[in-house]
1. Kindly provide the set of residues from the range 32-47 that are modelled with pLDDT under 85 and aromatic (F, W, Y), ordered by number.
2. If you scan the range 179-195, which residues turn out to be in a strand (DSSP E or B) and open to solvent by less than 10 Å² (accessible area, probe 1.4 Å)?
3. Could you grab the pairs with beta carbons closer than 9 Å, sequence gap of 6+ or different chains, first residue in the range 220-248 and closer than 17 Å to W73 by Cβ, second one open to solvent by 50 Å² or more (accessible area, probe 1.4 Å) and of a type in the set (F, W, Y)?
4. Step by step: first the residues of the range 63-83, then only those that are more than 25 Å from D151 (Cβ to Cβ) and polar (S, T, N, Q), then the one that is surrounded by the most Cβ atoms within 10 Å (Cβ to Cβ). Which residue is that?
5. Looking for something within 23 Å of Y176 (Cα to Cα), among the hydroxyl-bearing types (S, T, Y) and at pLDDT 95 or above - is there at least one such residue anywhere in the range 112-128?
6. Have a look at A153, A160 and point out the one that is touching a residue at least 60 places away in the same chain (Cβ under 8 Å) and aliphatic (A, V, I, L, M).
7. If you go through the range 223-245, how many residues are closer than 15 Å to N71 by Cα and outside any strand (DSSP E or B)?
Amino acid sequence: MPARETAPLGAPCWIDLQSSDIDRATAFYDALFGWTHEGSSDEYGGYVMFFAGGKPVAGAMPGELGNPYANVWTTYLATADVDATAQAVAKAGGQVMMEPMTVPQQGRMAMFLDASGGVVGAWQPAEHRGFGVIGEPGTPAWFELVSKDYDAALPFYRDAFGWDLATLSDTDEFRYSTGRFDGEDLAGIYDASKALPAEVPSHWQMFVQVDDTDVAIARVVDLGGEVLTPPWDTEYGRMAQVADPNGARFMISGPVAA
């Protein structure tokens with residue numbers, strides 16, 4: 001697997017899971033993707049690190065009782081100065097949900113509500129640099145804001161995180177833009193205003209790459225998870241939406257079926 005030293009500023013650099021049953025979650029992801037995991041000291045609140053081929057790919061933490069964000073994956077965007085990013089977020093029409101804080105030795109973080117209502121994190125690295133590998137089977141491969149206010153989301157990520165936006169499609173049927181970093185598309189924004197139910201807010205979702213989508217979703221079910229949207233083929237691969245045994249949703253992406 002090719003190593004990744006650091007993410008471009010503004011690009012997705014990490015994902016982590018708040019889980020109501022951390023032991024069940026770690027067993028599920030280890031078995032599904034071949035990950036391994038390591039726990040942490042009490043200093044880090046029981047935070048778990050997942051590894052693929054020895055490289056860090058994701059984190060997980062026990063969800064607090066009553067936390068509405070338990071059993072949710074969060075995407076973090078890279079920043080060189082999380083305090084300056086918090087100011088830029090507020091100026092761009094977002095809200096600071098969790099003020100910048102230091103994770104000892106590892107870096108600094110904050111949580112925001114973007115201008116379209118989606119929750120996103122920011123990470124200023126110190127010892128923890130983020131993903132060690134992406135885009136390989138068994139690793140995170142894509143990150144996407146599913147937005148109920150596409151027109152608010154685009155300028156927000158441009159102004160708050162410095163995205164170079166590229167329009168992939170702009171029709172009544174499908175509106176989608178990407179965040180481009182050094183010429184490479186690393187994240188997307190999808191206009192889901194006509195697709196999401198009223199009770200479902202804008203949200204980030206992550207995709208994990210697999211060798212075979214159908215085999216992977218069968219494994220999800222065997223491990224106690226759920227298939228929420230059956231596989232469908234696109235020009236970018238064969239996708240499916242699934243949930244882990246605790247209800248945390250994520251996407252699977254593999255080659256188009258033969």
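The values are calculated or read from the model by the stated rules, or taken from the named source; none is laboratory data. None of the values given here were measured: they were computed from a predicted structure. Note that we place each Cβ from the backbone using ideal geometry, even for glycine, and neighbour counts take in every protein chain shown. Only protein heavy atoms, including side chains, enter the accessible area calculation; ligands, DNA and RNA are left aside. Shrake-Rupley method; radii C 1.70, N 1.55, O 1.52, S 1.80 Å.
1. Selection gives Y44 alone.
2. Selection gives G179, A187, G188, I189.
3. M239/W232; A240/W232
4. Here the residue is N71.
5. Among the residues of the range 112-128, at least one is within 23 Å of Y176 (Cα to Cα), among the hydroxyl-bearing types (S, T, Y) and at pLDDT 95 or above, which makes the answer yes.
6. A160
7. The total comes to 4.
Here is a yes/no grid of residues against (1) more than 19 Å from Q241 (Cβ to Cβ); (2) buried (at least 20 other Cβ atoms within 10 Å of the Cβ); (3) touching a Gly at 6+ places or on another chain (Cβ under 6 Å); (4) free of Cβ contacts under 8 Å to residues at least 12 places away in the same chain:
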site: F112; (1), (2), (3), (4): yes, yes, yes, no
site: A115; (1), (2), (3), (4): yes, yes, yes, no
site: A122; (1), (2), (3), (4): yes, yes, no, no
site: G130; (1), (2), (3), (4): yes, yes, no, no
site: E136; (1), (2), (3), (4): yes, no, no, no
site: E144; (1), (2), (3), (4): no, yes, yes, no
